[in-house]
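Written below as structure tokens is the structure these notes are about.
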């Protein structure tokens, strides 16, 4: 593929929310538009020009149903069968999706679409607000590391990577879209089937137009089973996508923790709640991950060293964040990062010098214990007053064993009842101390540990990050991989899935998903303007599948339905990491989905 | 004079107390000793070599009384009359001084001296602890601006100025001192005459030795009058030398506001109290003078902007400073700088962003009023609780008239009872609002204003800074100028004197009194180790003279002693700025002193 070396949007080093607060805008974008668009925006130019030869036969606009596993390239004629009618299938309460594709040899002034009523044979209608979606937009991405082994590492020289415009953001804010001749545009349609509708087939159409000029009408049947998926807040699935309030403040150019910031975050976080998120990500110290993201994580706890040498803590920001997240429905757990940050340096406001100071200290040292025991005792008191102590965990990333053990000692000294979570490798020495344990998707828990943890209702999950070439949720990953992961989690009887970055946006996430480190899209799943993405919708598909499997397993166990159980487990046995990349995730997932819907 | 271009100690830009707190030492000194010496230290080499011809006649060590108006050069044979006996004269309670001079053609291993008992004819003895002083040390200085008009302005190229080693610090910490052949060394002797001794002449001697080898015995008579000078704390003189706790923390390499810092400051500030200081200098915001000194002034008030947008203030540091200063006897007034800093930028700890932030705002703006009304209301409450409201002033330096007027409006809005002080030009528009008014020594108050202010007990003073070529207290200024200023203040019926820098030490104040701005010694009067200086002792001489004049004026008025009054005013009439530099300050001061002691 063509290499585009000049498009990476990195004219300034990471500046974070502080600049944003001061209303400082950063340098412009190659599209000429103002930075940080929210309502409407222009995409970056496609590095690949359409092939005249390929497009020669295409004149009038074409409209067909595509599938939701394909990112249809902007410059290419889609390889697609003629399909004017599809059937979606799912439980009541489930969110289903479809993708229509438009391609044209001539310019279109205003592509738009509208949905008819969806009615079953008895005349029952799916409410209009059950449907969502939008135009699938194109964003710049890169590719896996050159050795094909994951997407980790810094990428100071982006010129060695392919630059690729891929379909990912789902733009629900546009009602009409111009199309250039010789280009392709997809339309994503979600149907959130109400839990209360009658089972049956609901029939309707999608009318696709250019302005007032009808291009095509596609048929869509929605086959609703009698089974009911609970509301996301009731799902057992332990979804832990780490949120960044700091990226939102910077991107929206609003002061951190102002009402404007809260207002900007709410729809972004509501979308996460609706995906079944259970955990609030809280940063209880400055830069828990040493500022690795475009916007670093600031402490939500105010650390003050008083002039008399004592520590004082203030939880105003922490409370504001937690209460906002709870208000959108994410209220099951609060994970607090980090007693063992990636750089063992702890910032605080020093009253004596009227300045921000750092203590460099490590678990096992006196200064570390002194400051953290003071903090945790105060924090425990505050959490208990708020009634949050039982849902709060002191959260760690993988650190050397000795460091984690010494950290645990300090936690226990401050308050032995604190829950602890860990995202890292499996360590039998630590496991008994970890309430919420998450290991890489390629690793495994000993069977007896898994059984005991299940019995004790201890959240036990997998994560993916930059390490995995497959399955993953890079902007260039096959969309079905995002669903695959949750089937795999279900196969191994795990409770859910963790990813370290829900919205750690790079500078211009709507335009360019690449970052100075890791493969494109590694740092976020959703887009500004509370725009979803193909990846995120497929991830929800997987979460729903996991939830359905949990429900079916319970039912089959309760009802001693061995046949059902066998079908389920046989289906799950088709999810094997070793099959990547030869067996496409979509193939496995789609087969599994059909089986699941048949049970 | 010879120009030495390489000696200025400025290997690092100003770093201030923060580095000090972290124990970071700065680059070494040309003497090879560790930075920031306290107990003992080596002086910088004299840029001027002794003249072989001049010293040819000097073999054995010579000892004579000198006068206290001369800085005897290290490399030169002192021009001095043979004088083995002197008489000091003063009131009971007064601090008197004398200077002995030793010069030698041969090396001395350990110059030392001891004082005999000082007895009057009735056998009464002055207590041994009445005496203080020490070896007069040499420090590097420069000179006035090249046009001879003061010492203001930055001096990025010190090579254009003379470098001159001058006698100034009085080192009371050494008991013995080696002397190189062909060099001169002075010994400073203070006698703090107790208020309770009998009047009369107390006779004693000063024995000067090299090791155990007696070089000479000098006679000293101390003629004590029956008049009594009150203790410095009781003086009416309004002495306002601005203190820098920040320079002490950095120089002593102790954490700001730690016990070690308090311990280091106490003797330095006690020395100031003993000079009659009445005012505590408090910085209530960050960098009131835009960090113009080697160690910038940090806020003693903690400004916090809470996440809910309200301001919070903490006075722990302010209280600690004020209480420490009061404990050494400086407790009459607290001047708080500054609502109108030199750069209209206000730093605060911002809870939302967990960082130090600045507001740029000016008097007359909404943001300015909002923050300062909040601060002053809180401050007023705190000061009243502490019982300090009546001795506290909101202090300004000269700013444009409109700015000062708008500032006053904000003060009045917050608490109309706040006292205000101003060091700047005389403005009739503002005068009624200013409790403590200080104008440059070359300016003057209208007679009716002076009379009214005196009647209302409003402190009304002069200041000197870098502007004045004469009189001044640069390290190269004639020592008597430091005394002259207070006679001049008395002549004009003013209450005292202000200088902006008691101890804003440059990097290595014991070695080099020069700074990146202003003439040498402009930024400080005393030295680390609570070492006094010739300048400071002469300044005390002037303060005492002012106090004596105030006492005599009152007595002469009360007793209708017109003769005394005339003599006093005639004596004061000899103090005229226009006489500089033709008439040496010492000549005027010494004549005046004799008259004063005769009244």
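Rule-based calculations on the coordinates, nothing more; no lab input. Computed from a predicted structure; not experimentally measured. For neighbour counting, all protein chains shown are included, and Cβ atoms are generated from backbone atoms with ideal geometry for every residue, glycine included.
Some notes on this structure:
- Mean projected area in nm² (Cα convex hull; one quarter of hull surface) for the protein assembly as shown: 58.5
- The order of the peptides A:336-344, B:579-587 by mean Cβ neighbours within 10 Å, most packed first, is A:336-344, B:579-587.
- Computed from the Cβ-Cβ distance with R0 of 22 Å, the FRET efficiency linking residue A:578 to residue A:147 stands at 0.75.
- Modelled label positions at residue B:60 and residue B:233, each set 7 Å beyond Cα in the direction of Cβ, lie 5.0 nm from each other.
- Remark: mean inter-chain Cβ contacts per residue of A:341-353 equal 4, using a 10 Å Cβ-Cβ cutoff to other protein chain atoms.
- As a calculated quantity, the FRET efficiency between residue B:33 and residue A:594 at R0 = 56 Å, using C-beta atoms, amounts to about 0.10.
- Hull-based mean projected area of chain B, where the convex hull spans the alpha carbons, in square nanometres: 27.8
- Cα-Cα pairs of segment A:225-352 separated by more than 25 Å (percent): 32
- Cα-based equivalent ellipsoid of segment A:52-226: semi-axis lengths in Å, sorted from largest, via gyration tensor: 32, 22, 13
- This ranking places B:495, A:107, A:331, B:390 by how few other beta-carbon atoms lie within 10 Å of each, fewest first, which gives B:390, A:107, A:331, B:495.
- Considering only chain B, percent of DSSP beta bridges that pair antiparallel, nearest 5: 60
- Helix-only mean residue ellipticity at 222 nm for the protein assembly as shown, each DSSP H run of n ≥ 4 adding -39500 (n - 2.57), per residue, nearest 500: -8000 deg cm²/dmol
- Taking the DSSP bridge list for segment A:52-226 and keeping only pairs wholly inside it, about 90 percent are antiparallel.
- This ranking places A:418, B:349 by how few other beta-carbon atoms lie within 10 Å of each, fewest first, which gives A:418, B:349.
- Separation of alpha-carbon centers, segment B:479-545 and segment B:399-477, rounded to whole Å: 20
- Counting only other chain Cβ atoms within 10 Å of each residue's Cβ, the peptide A:302-308 averages 5.
- All-pairs alpha carbon distance profile, segment B:362-431, 5 Å steps from 0, percent: 4, 16, 28, 24, 17, 10, 2
- Inter-part distance where segment A:222-256 and segment B:323-374 are each reduced to a Cα centre, Å: 44
- Taking the average, over residues, of other Cβ atoms within 10 Å as the packing measure, peptides A:236-247, A:120-131, A:296-307, B:353-364 rank A:236-247, A:296-307, B:353-364, A:120-131 from highest down.
- Protection proxy ranking, peptides A:171-177, B:51-57, average beta carbon neighbours within 10 Å, highest first: A:171-177, B:51-57
- Residue list for segment A:131-167, given a label point 7 angstrom along the Cα-to-Cβ vector of residue A:117 and an amide N cut-off under 20 Å: A:131-132
- Taking label points 7 Å from Cα along the Cα-to-Cβ direction, residue B:212 and residue A:562 give a separation of 11.4 nm.
- Counting DSSP beta bridges with both ends in the protein assembly as shown, the antiparallel % (nearest 5): 60
- A crude spin-label estimate for the pair residue A:195 and residue B:52, with each label 7 Å from Cα along the Cβ direction, gives 10.8 nm.
- Across peptide A:313-322, the mean count of Cβ atoms from other chains lying within 10 Å of each residue's own Cβ comes to 2.
- Full extension of the chain between residue A:221 and residue A:370 yields a length gain of 47.3 nm, computed as 0.36 nm times the residue separation minus the alpha carbon distance.
- Rg and Dmax of segment B:31-152, based on Cα coordinates, read 18.5, 57 Å.
- Cβ crowding within 10 Å, taken as a proxy for footprinting-reagent exposure, orders A:565, A:575 from fewest neighbours to most as A:565, A:575.
- Entry note: segment B:218-295 has Rg to Rh equal to 1.13, where both radii use alpha-carbon atoms and Rh is the Kirkwood radius.
- Relative contact order (percent, whole number), segment A:387-434, Cα cutoff 8 Å, 6+ residue spacing: 49
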